[in-house]
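The values are calculated or read from the model by the stated rules, or taken from the named source; none is laboratory data. Predicted model only: the values in this text are computed from it and were never measured. Note that each Cβ is placed from the backbone with ideal geometry, even for glycine, and that neighbours are counted across all protein chains shown.
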Amino acid sequence: MAKLIFDYPFMEKEYILDKDEIYIGRLATNDLSIPDYKIFKKLPVITQKELLNLLTKVSRRHAKITFKNGKYYIQDIGTKGVGSKYGTYVNEVKLEVKKEYPLSPGDRIRFGSVECIFED
């Protein structure tokens, strides 16, 4: 089964893509929720600043991964459907808003500043 692999202490290492549509972003209601920086307010200030720089670049609803016809696709959608502020990237190529891009094993995906690897 396909998955996204992250390397951050504040996230699960692997997220299984077990639905035909997976929404990704900072909102807790997303299928894959990247933590909102506000939950780290009790950490030392220097750590807060590092997390703030990283996590504020992820939109509340940032991207969507879909599975259809045996293949996974990703698109940048943004909270209001007009694209995320800091973009979604696959292998350092910025995605056009609402355009589906096929994913291949080993692809490096970046949601704003948060990176992961797609495995199938």
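Taking Leu55, is it hydrophobic (A, V, I, L, M, F, W, C), crowded, with 20+ Cβ neighbours inside 10 Å, closer than 22 Å to Phe118 by Cα and modelled with pLDDT under 95? So Leu55 fits the description; yes. Being of a type in the set (S, T, N, Q) and assigned to a strand (DSSP E or B) is a description that does not apply to Thr79. As a summary of the residue check, Tyr37 satisfies the conditions (1) modelled with pLDDT of 85 or more; (2) surrounded by 17 or more Cβ atoms within 10 Å (Cβ to Cβ) except for the one numbered (1).
Just one residue in the set Ile16, Ile46 is loosely packed, with under 14 Cβ neighbours inside 10 Å, modelled with pLDDT under 70 and of a type outside the set (Gly, Ala, Ser); that residue is Ile46. Filter the range 17-35 down to the residues that are in a loop (DSSP other than H, G, I, E, B) and over 16 Å from Asn69 (Cα atoms) and list them by number. Selection gives Arg26, Leu27, Ala28, Thr29, Asn30, Asp31, Ile34, Pro35.
Only one entry of Glu96, Glu92, Glu100 meets the criterion of being acidic (Asp, Glu), within 20 Å of Leu17 (Cβ to Cβ) and in contact with a strand residue (DSSP E or B) (Cβ under 9 Å, 6 or more places away or on another chain), and that entry is Glu100.
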